[in-house]
Structures are given as C-alpha cells and as structure tokens.
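Here's the structure we're looking at; comments come further down.
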Amino acid sequence: MQMQSKTISLLSACAWAVLCAAASGQGGPVDLLTKTNISGGLIVHVGVTDGQLEAEVADRGRYLVHGLAVDNGLRERAQEAITIKGVYGLASVATWHDRNRLPYASNLATVVVADLDALGSAAPGQLELVRVVAPEGALIVKTEGKWRVTRKPRPATMDDWKHFDHGADGNPVSQDVLVAPIRQQQWITGVQPNPFEGNPAGYSPGAGVRIWNRYAVVDVNDAYAATRANDRDTWVLQGRDAFNGIPLWTVPRDRVVSGRRWSLVAADGEVFAWLERDGQLTALDITTGKPIRKYPGTGYAENGLREETACVRVAGDRLVVGLRERIACFDRRSGRPCWSVAREGKLLLGAVVDEGGGRVYCLVAKPGGRREFGGRWPTNQNTEALLAIDLSDGRTLWECKDVASRDVDRKDGKPGRLYRRGPGQIVPAGSHVILFGSCAISGGNSPYIATIDAKTGSVLHQTDEPFRQNYNVWGYNVLWRDGAAWFAGAFTNVWRYQPTSGHVERVIINSWNQRCTRFTATPRYFLFGQSAYYDKSLGGEQVCAARSGCAMGNIPANGMTYFTPNACGCITQVRGFQAMTSDPLPKPLAAGRRFVRGAGKPATIPAAAPDQMPPGPVAEEWLKQWRAGRTRTEPVKTGDLELVAVVHQHRLEGRRDGKVLWSFVSDARISTPPVVVAGVAVFGSHDGWVYAVKVNDGLLQWKYLLAPAERYVCVNGQLESSWPVYGVCPDPSDSGSVVASAGTHVELAGGVTVAAFEAATGEVRWKKHLAKRPGKVPPGGRNARIVGHSFINSLPRIVDGQIVLGDGGRKGGYFAFRPEDSVQELNERLASPPEKKR
C-alpha cells in the first residue's frame with residue numbers, strides 16, 4: 001500500500017487526468033524502454049552510477065543519452081565506462097549541481113529514467129520529473145524495489161501543424177493556446193546550408209516543417225557544406241523528435257519533388273509526400289520513415305505537376321490530392337480510390353477541405369501564363385470559377401463564376417493601366433468561403449477578397465481594392481479568426497475584413513517591417529515574421545531573435561514556435577530549423593555552487609580513436625553545427641605538449657608526439673582551443689562553464705559557471721547550455737586574465753554575460769550582463785520602438801583594445817566595448833535604434 005501511494009503521489013502532483021501506466025517487477029529500465037516502442041530521441045538518466053545504462057542505450061545509435069551524477073566520483077566513473085565503449089557524445093554524463101531543479105528545458109526529454117530508491121533524499125521533486133518529460137514521452141522510475149513506466153499525456157491545449165498552412169482547410173490558425181512570445185531556445189539543427197549572402201528571397205528552406213504530436217518532419221537540403229545558394233542537390237525528408245529535434249530517420253528525395261510547399265503532410269501517424277520524380281504519392285510511417293502504401297494514378301511526372309499544383313490534404317479518413325488537371329480522393333488508410341473530378345481542358349487548383357461541411361473547394365482555371373498558381377504566394381490570373389465538391393462522392397455542389405479573373409482599373413492615375421485579378425487562396429469560414437488574391441512580391445498584381453455563401457455559391461461581397469498597392473505593404477495571405485478575415489503586408493499593416501458587410505479596416509499600421517513571411521495565428525496571438533506576437537489588443541511585442549524563410553511562416557505548435565532557416569539580414573537572428581519556447585528563466589544557481597575549486601588527482605579518461613564518430617543518425621548531426629562542425633580543434637603548443645580538444649566527446653587532451661598523456665572531460669562540447677597562461681589552460685565549454693586545468697597533468701584548478709543557471713537544450717544532436725561558452729581570449733586590461741562570454745542572443749534567455757577571470761585562481765575581475773528587452777508595440781502598432789540589430793554570442797576577440805562579440809554581417813552582428821564601460825551604458829546602446837537604416 002505504501003508503494004502504491006508513493007507512485008500515485010508522483011503522478012497526481014501534476015494532475016495527469018489521462019495516463020497509460022504499466023507496472024513491471026521484471027527487468028530493468030532498458031527492458032521497459034524497449035516496451036515503450038520509443039525508438040529514438042533524448043533519454044535522461046537521473047542518478048548515474050557506472051555508465052552501463054548510458055553505454056548500452058547509446059550503442060544503438062538512435063538515442064542521445066544524458067546522465068546526471070550526484071557527485072564527481074560517479075560522474076568520472078561513468079564517463080570512463082562510456083568512453084571505453086566508444087560512444088561518448090552519444091552518451092554523456094554531467095554533475096548535478098542544483099538539487100532543487102533538473103537542468104533541462106521543459107518538455108525536452110523523450111524518456112526520463114530515475115531510480116528513486118537509490119537516490120533517496122537526493123531524488124528530484126515530483127513536479128520536476130514530470131516537467132522535463134515531453135508529452136507522449138515516458139517516465140521510468142524505480143520505487144519500492146520495482147521499475148514502472150508511465151506515459152505523459154499530451155495536453156488538449158496543444159495543437160499540431162500538419163499541412164503547410166496548418167490544416168486541410170488551408171487556414172493558418174493553430175488552436176494551441178500555450179504558445180506565447182519566445183524567451184528561450186528548445187532545440188536547433190543546422191542541416192540546411194545557408195550561404196548568408198546573395199538575394200535572401202532566392203534561398204529556399206524547402207517545404208518547411210510539419211508537426212504531428214511528438215514528431216516533426218522537415219524537407220531539407222542535406223548538403224550542409226554547400227557554400228552557394230544553388231548547391232541544392234541532396235534533398236532529404238527527415239523525421240525528428242518535435243520536442244528536442246533529435247533525428248529519427250532520413251529518406252532521400254529527388255530534387256524535383258522536394259520543396260513543394262502544399263505537397264507535404266504529416267497526420268495521424270503518417271507522412272504523405274512524393275519521393276521520386278517518376279513515383280506515386282507515398283505514405284510513410286512517421287516513426288520510422290518506412291513506406292506504407294502508394295496511391296495509384298498520382299505519379300508526379302505523369303500528371304505534369306509543379307510546385308503549387310501538387311497539393312495534398314488529409315481530412316479524417318479521406319486523402320484529397322490536387323493533380324493539376326484533376327482532383328482525386330482516396331481512402332487514406334487503404335489507398336483505395338474514392339472519386340476523381342476533372343474539367344476538360346481546365347486546371348483544378350488550390351484544393352482545400354472543409355471537413356465539417358463535407359466539402360472540397362478549388363479554383364477552375366484555364367492553362368497558360370508564366371505561373372499557373374502564383375510563385376511564393378497563391379494566385380491565378382486565369383481563374384474562371386470557384387468550385388464546391390462533395391467530399392463523400394465527388395459531386396459538384398455549385399460553381400461560382402462571378403469571382404473569375406478580370407482586368408481591373410486600380411485608379412492609380414495612369415490612364416489605361418489595368419491590373420489582373422488573381423484569386424488564389426481559399427479559406428472555409430463556417431457558412432462562408434473567403435477567397436483571397438495576394439498582391440505581393442512574386443504574387444499577384446491586384447489585391448482581391450470576396451465572401452461566398454458556402455451553401456449556394458453566391459457572392460455576398462467582393463472587392464478589388466481592399467488595400468492600396470505599395471511596395472511591401474501588399475497583402476500576402478489571409479486567415480480566419482474571431483469571425484473575421486485578417487490579412488497582412490510586410491510592414492505589419494493588418495486589415496480586418498467583415499464577411500457579411502464587406503467592411504475592410506486597417507487595424508495595425510506600420511509598426512515594423514516583418515519582411516515577406518506568411519501571417520499565422522493562434523487563438524491568443526497573431527504571429528509575424530520577425531518573432532512578433534500581437535495579442536487581441538492588436539498590440540504586443542517583438543523578439544528580434546529569429547524568423548522563418550521568405551514566403552514561409554512562423555509555426556505555432558506543441559506550445560512552442562518553430563522556425564525554418566533563412567538568409568535575410570533583416571535582424572540579428574539565430575538561424576536554422578529550430579523550436580523556441582516561452583519557458584521562464586530558471587532561478588540562478590547559488591553563488592556558492594557557481595565556483596568549484598579543483599581537488600584530487602587528474603582524471604585520465606581512456607581516449608577513443610581521435611576521429612571516431614559513432615554510427616547512427618544522431619552523430620551524423622554533429623558535423624553540421626556552425627560553431628562546432630569539426631571533430632578536433634587546432635592544436636595549441638605549450639612546451640613539448642600539444643593541447644587538442646576532441647569536440648563532440650567534450651574532451652581536452654594533452655599530447656606529446658601524438659600520444660595522449662592526460663585528458664579532461666567537460667559536460668558539453670569544447671569547440672575552440674584553450675588559452676594558456678602561466679602553466680594553466682583556460683577554456684570554455686558549451687555547458688556554460690569556464691574551466692582551468694594544469695597544462696602538465698590536466699588537473700582541474702577551478703571552474704566557474706558563467707551561465708546564470710543550468711538549463712540544457714538540444715543543439716545539433718547534443719545537449720548544450722542555453723548559455724554556451726564558445727571560448728576565451730586574453731583580457732586586454734590584464735595579461736594574467738582571460739575573457740569569456742556565455743549566452744546565445746541578447747534577447748534570449750536573459751542575454752549574454754561577459755566576464756574576466758584571473759587564470760591562476762579563477763577570481764572574477766569584472767563582469768558585464770548584456771541584455772536587450774523585446775520591442776513593445778502599442779495597440780494599433782503606431783510608435784513602436786523596435787531595434788532589430790544587435791549581436792549573437794561568439795568567441796570573444798580583441799580589436800583595438802576592445803572586446804568584440806558577434807561574427808559580423810548576417811551571421812551574428814557586431815558589438816564592441818571596453819572593460820571600464822558601465823553595464824547601463826552598454827545596454828542602452830543595445831536598445832538604441834541605429835543612426836542609419838541597415
């Protein structure tokens with residue numbers, strides 16, 4: 001009875017209303033992990049002893065395993081066992097410093113393992129164990145002598161993003177109410193090459209990312225070493241854990257079928273995509289990437305498909321496929337054809353599904369023209385009608401020809417100049433259908449919006465002048481929320497359209513240039529390109545830390561915001577496929593735990609082969625990291641020794657004539673060489689600590705947590721601190737000191753901390769905390785004060801006696817200061833608009 005009450009207490013503390021639980025007195029945590037059918041992701045082991053569990057699980061090559069040891073002795077013992085196995089990096093171990101909190105982002109771990117019996121009074125709190133486990137992940141704990149596994153349910157307040165435009169209805173509104181303005185990173189991967197130069201609009205992030213439950217599916221160019229925007233010939237489809245980004249599988253794709261925005265869907269445990277130019281539409285298992293079935297008659301080449309004319313919609317048990325000259329419907333699970341609709345000599349474009357109304361809507365258009373369905377924005381200047389089709393049997397319900405394309409006199413003062421109406425986006429809106437024509441870069445030439453009665457097909461209202469035509473003020477796409485249609489242009493100009501009256505009102509005006517990204521929303525927020533969140537007051541804030549690629553949108557799902565890579569220099573931003581969260585900042589680690597003085601003997605860990613990379617999809621990510629894409633750092637000569645860091649195994653080695661004399665293991669990657677001062681090697685680690693070891697034997701002299709707290713996130717297949725230390729440089733004001741910086745972006749996780757340390761003792765000479773607050777936007781958008789350019793943390797360097805952070809240009813900005821500058825002065829500089837527009 002005592003055992004049962006303890007288990008119930010563990011779960012009821014988090015009010016898990018729905019729980020699948022299995023109890024087992026047989027076997028251990030590895031056996032239970034196998035029974036969960038979780039075949040990849042992040043495994044966290046709280047209470048590491050000998051490293052055997054970590055080594056065994058990591059040896060499979062599909063998991064990233066991270067262990068927490070309650071003391072340094074257990075950590076070193078486990079590290080040695082894992083290193084001997086040759087899988088260090090896939091599995092790693094850190095010391096658990098703050099016993100009141102697990103050092104992980106919320107919802108990060110796919111599985112958490114904890115022997116609560118063995119931990120005793122050191123066991124983590126009940127709420128902490130549950131906080132760290134991702135929805136649909138597993139908690140494997142041992143209490144009263146028995147191991148048990150429980151699954152964490154997914155909150156009903158989270159939502160997916162299954163299609164390019166959220167759902168089968170094409171309305172880019174997530175129902176996720178947990179999404180809020182970003183504060184911290186959750187995960188990032190650099191698989192998409194980014195040239196950082198040239199026309200940013202010519203840089204393609206593929207078809208983007210789809211989210212279904214705990215899975216993310218991305219369409220990417222895997223030629224990560226590409227240096228030019230056109231080096232896009234290695235396209236793949238990848239499955240990832242949506243909460244930590246760990247890769248689960250990779251499937252190759254022909255270049256010609258990749259990057260097709262409306263053709264990739266992830267729904268109901270399956271992925272729907274074309275893989276080959278001459279192949280049929282294929283359903284894959286979302287957990288493994290293995291093909292399940294194909295749909296007859298959907299050949300990509302045989303149907304003459306292009307980017308916008310290849311369209312897939314999943315609605316319940318129906319799969320609707322737009323095939324340019326026809327629309328086909330299948331039973332999703334069996335692949336059996338249900339019906340097919342075609343119009344002789346016509347195109348059927350832009351299909352969406354109103355599942356509740358049991359209808360499919362599409363445009364009827366005549367072939368011809370340079371673009372059949374827009375470029376980056378849906379538009380067709382040869383539209384002849386809007387068609388409504390019965391979802392059950394393919395019958396035509398009505399056809400509306402009053403929305404056809406026509407030449408429009410825009411009254412712009414140029415006699416005889418006409419513009420062509422190009423309806424393109426269809427959004428079901430209850431008893432109405434909204435039809436929208438973009439007027440944007442690579443879109444249409446004339447803005448258009450109409451309301452059609454969903455029952456009869458009659459036009460209730462339409463206008464060709466919902467907003468004035470002007471560069472970067474044009475409308476991009478429309479969404480339906482709160483009983484109205486909303487559309488936006490780049491400069492945060494937002495219009496609200498009332499479907500019954502046809503009244504168009506500009507409700508947000510010129511607050512900031514959000515660039516050419518899609519307008520998305522949740523019930524609480526409108527999301528703009530450059531990390532902007534506007535609430536129902538039509539005001540809000542902008543965090544200039546990330547944005548998705550051109551013509552893409554920031555994706556709200558799973559309580560987070562997902563971004564695709566881009567090459568735009570509009571703000572100083574973190575780039576890549578990534579997820580960011582509104583997680584609050586953890587409480588700073590107490591000062592007494594922040595500084596650790598070395599003691600005892602050097603810990604010499606047996607070295608694996610210098611360039612050994614464990615097999616499997618996780619380790620393949622390591623070389624794709626921007627700052628740590630090598631296996632080793634350049635050697636630093638000191639006397640007859642060479643100091644070399646084995647980057648992804650977290651190890652600094654002292655070598656003589658190629659032989660390893662000693663090695664020291666930190667808790668994350670070491671990506672830059674150490675600085676040697678008076679017999680001490682000082683270096684930074686991506687775990688947020690600064691380390692100093694003796695050059696002759698590797699003995700730890702001291703270490704200091706420069707990060708404000710311990711919070712791990714996933715970065716290119718490994719765990720790193722939210723405040724990584726990329727390295728150190730000499731202090732320009734003191735020859736016996738070094739300078740280090742911890743952080744990523746000055747608007748994320750509270751900013752970047754820079755400090756100088758005396759190399760011999762670890763004494764802090766000075767410290768600066770650099771932070772920039774998000775831009776606040778008043779209701780209506782006017783008078784917003786937003787500063788888009790700052791810097792991303794980097795290896796500090798000295799230029800003309802100043803400390804410089806950031807890599808310059810589009811990569812990371814530039815910020816220079818002197819040690820005597822005040823923190824107030826520096827942060828005022830970060831918050832001040834530049835004198836000239838950059």
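Structure above, values below:
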{"read-out": "Sequence ranges 258-266, 317-325, ranked by mean other-Cβ count within 10 angstrom, highest first", "value": "258-266, 317-325"}
{"read-out": "Cα-based convex hull volume of the chain per residue, rounded to whole Å³", "value": "161 Å³"}
{"read-out": "Packing-based order for 797-804, 177-184, using average beta carbon neighbours within 10 Å, highest first", "value": "177-184, 797-804"}
{"read-out": "Between region 750-787 and region 430-462, the Cα center-to-center distance that results, in Å", "value": "46 Å"}
{"read-out": "Relative frequency of Cα-Cα separations exceeding 19 Å in region 33-156, percent", "value": "44 percent"}
{"read-out": "Portion, in percent, of the accessible area of region 322-439 that falls on carbon or sulfur, probe 1.4 Å", "value": "44 percent"}
{"read-out": "Solvent accessible area, Å² - F243, 1.4 Å probe, full protein context", "value": "0 Å²"}
{"read-out": "Carbon and sulfur %, accessible surface of region 54-134 computed with the full protein complex present, 1.4 Å", "value": "45 percent"}
{"read-out": "Acute angle (nearest 10 degrees) that the helix 2-12 long axis makes with the longest principal axis of the chain, alpha-carbon atoms", "value": "50 degrees"}
{"read-out": "Residue-count net charge about L90 - beta-carbon cut-off 12 Å; Lys, Arg +1, Asp, Glu -1", "value": "-2"}
{"read-out": "Solvent-accessible area, 1.4 Å probe, carbon plus sulfur percent, for region 653-713", "value": "51 percent"}
{"read-out": "11 Å beta-carbon shell around W377, net charge (K/R +1, D/E -1)", "value": "+3"}
{"read-out": "Amide H partners (placed H, <5 Å) of I508, local residues excluded", "value": "V494"}
{"read-out": "Mean-position separation - Cα centroids, region 308-351 and region 251-272, in angstrom", "value": "16 Å"}
{"read-out": "Reciprocal of mean inverse Cα separation for region 550-680 (Kirkwood radius, Å)", "value": "18.5 Å"}
{"read-out": "Where the chain is the region considered: accessible area per residue in Å², 1.4 Å probe", "value": "35 Å²"}
{"read-out": "Relative contact order computed over region 81-161 (Cα-Cα under 8 Å; 6+ residues apart), in percent", "value": "25 percent"}
{"read-out": "Hydrodynamic radius of region 262-345 per Kirkwood, over alpha carbon pairs, in Å", "value": "12.7 Å"}
{"read-out": "Protection proxy ranking, peptides 123-130, 370-377, average beta carbon neighbours within 10 Å, highest first", "value": "370-377, 123-130"}
{"read-out": "Relative contact order of the chain, defined on C-alpha pairs under 8 angstrom at six or more residues apart (%)", "value": "10 percent"}
{"read-out": "Part-to-part distance (alpha-carbon centres) for region 638-689 and region 391-410, which is given in Å", "value": "68 Å"}
{"read-out": "Those aspartates and glutamates that a straight Cα-Cα span of less than 15 Å connects to K455, excepting residues fewer than 8 apart in one chain", "value": "D354, E355, D390, E399"}
{"read-out": "Cα long-axis angle, helix 72-85 against the chain (0 to 90 degrees, to the nearest 10)", "value": "70 degrees"}
{"read-out": "Cut-off 13 Å between beta-carbons: net charge of the residues surrounding R101, Lys and Arg +1, Asp and Glu -1", "value": "+1"}
{"read-out": "Cα extents of region 306-463 along the three principal axes, largest first (Å)", "value": "58, 32, 26"}
{"read-out": "Contact order relative to length of region 251-323, as percent, for alpha carbon pairs under 8 angstrom and 6 or more apart", "value": "27 percent"}
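The values are calculated or read from the model by the stated rules, or taken from the named source; none is laboratory data. Model, not experiment: these values are computed from the prediction. Quick reminder, even Gly has a Cβ in these numbers, built from the backbone with ideal geometry, and neighbours come from all protein chains shown. Heads up: the accessible areas ignore ligands, DNA and RNA and are worked out on the full protein's heavy atoms, side chains in. Shrake-Rupley method; radii C 1.70, N 1.55, O 1.52, S 1.80 Å.
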